[in-house]
Structures are given as C-alpha cells and as structure tokens.
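Below is one structure, written out as structure tokens; comments come after it.
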Amino acid sequence: MKRLRITQVRSAIRRRQNQKDTIRGLGIRRLHHTVEHDDTPAIRGMIETVRHLIVVEEVEGSNAGAE
C-alpha cells in the first residue's frame, strides 16, 4: 500500500478551528513536523482540508513502523 509523507509548512495560527483540529488529527505537532500515513480516502479528505498548510509526498513501499 502506498504511504504518504505529510509535512506542515505553514502555521495554523489564525486558521479556522476545523483546520487546527485536522492538523492535530493527522498527528502533526509543530511546524516542519513530518508524519507518514497509509493512503486512504479518510486521510486524503483530511489532506484536502488543510492542503494550503502542508506538503504531501508519496513514499514507495510499506514502511509500517518507520515514523
């Protein structure tokens, strides 16, 4: 299964609460923090909500425990 590497590159300060909650729901804790998730429809929906605050890269292979 494809994995997605998600990095926050813009601040969530002065953003709507649902965007702040989505960033936290993705597991991102601070600016320039990177997390990896499986490519699922739920994660894609969260990415769409905060696409202006993050950068997404596709990672090949299944690095199940490499976060």
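The values are calculated or read from the model by the stated rules, or taken from the named source; none is laboratory data. Nothing here was measured: the structure is a model prediction, and the numbers come from that model. Backbone-built Cβ (ideal geometry, glycine too); neighbour counts: all protein chains shown. To get the accessible areas, we keep the full protein, side chains included, count just its heavy atoms, and leave off ligands, DNA and RNA. Shrake-Rupley method; radii C 1.70, N 1.55, O 1.52, S 1.80 Å.
The figures follow:
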| item | result |
| --- | --- |
| Potential lengthening between His52 and Arg16 on full extension [0.36 nm per residue; Cα-Cα distance subtracted] | 11.7 nm |
| Förster-model FRET efficiency, 25 Å R0, Glu60 and His32, C-beta, rounded to 0.05 | 0.65 |
| Relative contact order [Cα under 8 Å, 6+ residues apart], the chain, whole percent | 54 |
| Sparse-neighbour loop sites [trypsin sites (Lys or Arg not before Pro); the chain; at most 14 other C-beta within 10 Å; DSSP] | Lys2, Arg10, Arg14, Arg16, Arg29, Arg30, Arg51 |
| Rounded percent of accessible protein surface that carbon and sulfur make up, the chain, 1.4 Å probe | 48 |
